[in-house]
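Colleague: Have a look at the structure that comes next, please.
The values are calculated or read from the model by the stated rules, or taken from the named source; none is laboratory data. These numbers come from a predicted model, not from an experiment. No Cβ is skipped: glycine too gets one built from the backbone with ideal geometry, and neighbour counts run over all protein chains shown.
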Amino acid sequence: MSSIGIFDSGVGGLTVLGALRRRLPGESYVYLGDTARLPYGTKSAATVQRSAVNAAAHLAGHGLKLLIVACNTASSYALDAVARASSVPVVGVVEPGAGAAVATGARRIGVIGTEGTIRSGAYQSAIADLDPEIEVEAVACPLLVPLAEEGWGDHPVTDQVARHYLTPLLQWGAETVILGCTHYPLLLPSLNRVAGSKVSFVDSASAVATTVMSDHSELIDTSSGAVGDVHIELTDASDRFLRITREILGAEPEHLEVVDIEGVA
Ligand code: DGL
C-alpha cells in the first residue's frame, strides 16, 4: 500500500500532517523535514527549488501515491519543478490557502509568510486568479519561524513580534489573514491574542487537507477503520528538533529516522 508523502523545510509541515491525519487517519504518511537546510524562507528561488526537488525525489523512493509540498516557500518557488519531476500528483499549500481565504468572502485579505513566499507574489497571484477585485496586502515575517521552531507559540515575546507584523495589516483593514507559512499555526495563541476578534486567520494546513479530500478522493481510502503508520524523517536531528517534533505530535514518534538526501535528485 502506498503512502502520502509530505515535506517541509522543518517541523512546520507537521501542522499539515496533523490536519491530514485528523481527517484521514487510515492513510500511511511519510514526513520529511529538511531540517539540515532550514530555513527555506530566506534562500533564493534556485536554492529552494534544488532542495525541494531533492526532498521530493527522496520521498518518491518510499513509493508514494500523492505528494504534499507542506511548505509555502517551496510551494511558491518550486511547485512546478517538483510536479515536473514527480510521477504522482503533487499538492502545494498556496492554492488551497488562497481558495480558503477567498471563500470567507473577505474583500481585503492580508498574507503573512516568509520573505521568499511574499517576494514570490504566489499568494497575490493565486488570489487575483480567483477574484481580481480582492485587495491583498502581504507582509514578510522573518522572525516568526524561529519563534515557532523554539516552541514559543504562546509567549510574550511572540506577542510583541506578532504585533509588529500584524499592526499594519489591522490598520489597513484586513478582514482575513492567511497564515502563509506552515509554521504559523503553531503561533496561533499569540497571533489570536494580538489580532483579537478583528480578523480571522486562514490556516493553509487545514485548507490542504480539504483539497486532498476533494481533488484526490480516488486516491484516498476512507473504508478501513485501521490507523495508518507515520514515518518521520529529518535531515538533521538536533535535540531541539526532536523536542519540538514530540511537542507538535503530542507523542513520541513511532518511527523516526535521520536521512541524508544530498544529491538524491
Ligand atoms: N514552513 C515553511 C513555509 O511554509 C517556512 C520555514 C522556512 O523558512 O523554511 O514557508
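Colleague: One residue is enough: does the range 187-201 have a residue meeting the conditions modelled with pLDDT of 90 or more and within 26 Å of A56 (Cα to Cα)?
Modeller: no
Colleague: Do we have G41 as within 16 Å of the ligand (Cβ to nearest atom), in contact with an Asp or Glu (Cβ under 9 Å, 6 or more places away or on another chain) and part of a loop (DSSP other than H, G, I, E, B) here?
Modeller: Working: within 16 Å of the ligand (Cβ to nearest atom): yes; in contact with an Asp or Glu (Cβ under 9 Å, 6 or more places away or on another chain): yes; part of a loop (DSSP other than H, G, I, E, B): yes.
Here the answer is yes, as G41 does meet what is asked.
Colleague: Taking the range 208-260 as the region of interest, how many residues are free of Cβ contacts under 8 Å to residues at least 60 places away in the same chain and part of a helix (DSSP H, G or I)?
Modeller: Total satisfying the criteria: 6.
Colleague: Hey, can you tell me all the residues within the range 187-229 that are of a type in the set (D, E, K, R) and within 16 Å of the ligand (Cβ to nearest atom)?
Modeller: Residues of the range 187-229 of a type in the set (D, E, K, R): 193, 198, 203, 215, 218, 221, 229.
Once the filter is applied, which keeps residues that are of a type in the set (D, E, K, R) and within 16 Å of the ligand (Cβ to nearest atom), the range 187-229 yields only D203.
Colleague: Test each condition in (1) in a loop (DSSP other than H, G, I, E, B); (2) without any contact (Cβ under 8 Å) to a residue 24 or more places away in the chain; (3) not β-branched (V, I, T) for G263 and report the one that comes out false.
Modeller: Here G263 meets the rest and fails (2).
Colleague: Residue by residue through the range 5-38, note down the ones that are more than 11 Å from the ligand (Cβ to nearest atom), crowded, with 22+ Cβ neighbours inside 10 Å and assigned to a loop (DSSP other than H, G, I, E, B).
Modeller: Answer for the range 5-38, where residues must be more than 11 Å from the ligand (Cβ to nearest atom), crowded, with 22+ Cβ neighbours inside 10 Å and assigned to a loop (DSSP other than H, G, I, E, B): just E27.
Colleague: How do the helices (runs of 4 or more DSSP H) wholly within the range 61-159 filter down when requiring 1 or more residues that are more than 27 Å from G263 (Cα to Cα), touching a residue at least 40 places away in the same chain (Cβ under 8 Å) and within 14 Å of the ligand (Cβ to nearest atom): which remain?
Modeller: Numbers: elements: 72-85, 94-103, 115-120, 122-130, 144-149.
Those helices (runs of 4 or more DSSP H) span 94-103, 115-120, 122-130, 144-149.
Colleague: Looking only at the range 210-224, filter to residues that are out of contact with any Gly (no Cβ under 9 Å at 6 or more places or on another chain) and of a type in the set (A, V, I, L, M, F, W, C); which one of those is farthest from R107 (Cα to Cα)?
Modeller: The initial filter retains those residues of the range 210-224 that are out of contact with any Gly (no Cβ under 9 Å at 6 or more places or on another chain), namely 212-219.
After this cut, where a residue has to be of a type in the set (A, V, I, L, M, F, W, C) as well, the list is 212-213, 219.
On the way: V212: 26, M213: 27, L219: 35 Å.
Checked the range 210-224; the qualifying residue farthest from R107 (Cα to Cα) is L219.
Colleague: I'd like the residue in the range 6-64 that is among the hydroxyl-bearing types (S, T, Y) and within 15 Å of the chain's Cα centre (by Cα) and, out of all such residues, is modelled with the lowest pLDDT.
Modeller: In the first step, residues of the range 6-64 are kept if they are among the hydroxyl-bearing types (S, T, Y); the result is 9, 15, 28-29, 31, 35, 40, 42, 44, 47, 51.
Now drop any that are not within 15 Å of the chain's Cα centre (by Cα), which leaves 9, 15, 31, 35, 40.
Details: S9: 95, T15: 90, Y31: 96, T35: 93, Y40: 96.
It comes out as T15.
Colleague: Please go through the range 188-207 and pick out each residue that is within 13 Å of the chain's Cα centre (by Cα) and either in a strand (DSSP E or B) or within 13 Å of L166 (Cα to Cα) (or both). Quick ask: steps written out before the conclusion?
Modeller: So the first thing to find is which residues in the range 188-207 are within 13 Å of the chain's Cα centre (by Cα), and the list is 202-207.
Residues satisfying the conditions are V202, D203.
Colleague: Can I ask one more? Between a first residue in the range 170-186 that is more than 16 Å from the ligand (Cβ to nearest atom) and a second residue that is of a type in the set (K, R) and at pLDDT 95 or above, which pairs have beta carbons less than 6 Å apart while being 6 or more apart in sequence or on different chains?
Modeller: What qualifies is G173/R108; A174/R108; E175/R108.
Colleague: Next question. State yes or no: is T167 in a helix (DSSP H, G or I), surrounded by fewer than 17 Cβ atoms within 10 Å (Cβ to Cβ) and among the polar types (S, T, N, Q)?
Modeller: Values: in a helix (DSSP H, G or I): yes; surrounded by fewer than 17 Cβ atoms within 10 Å (Cβ to Cβ): yes; among the polar types (S, T, N, Q): yes.
Spelling it out, T167 is indeed in a helix (DSSP H, G or I), surrounded by fewer than 17 Cβ atoms within 10 Å (Cβ to Cβ) and among the polar types (S, T, N, Q).
Colleague: Hey, another quick one. Scan (1) surrounded by 21 or more Cβ atoms within 10 Å (Cβ to Cβ); (2) closer than 23 Å to H255 by Cβ for the single condition G41 breaks and write down its number.
Modeller: Looking at each condition in turn, G41 falls short on (2).
Colleague: What number of residues within the range 46-91 are in contact with a strand residue (DSSP E or B) (Cβ under 9 Å, 6 or more places away or on another chain) and of a type in the set (S, T, Y)?
Modeller: Matching residues across the range 46-91 total 5.
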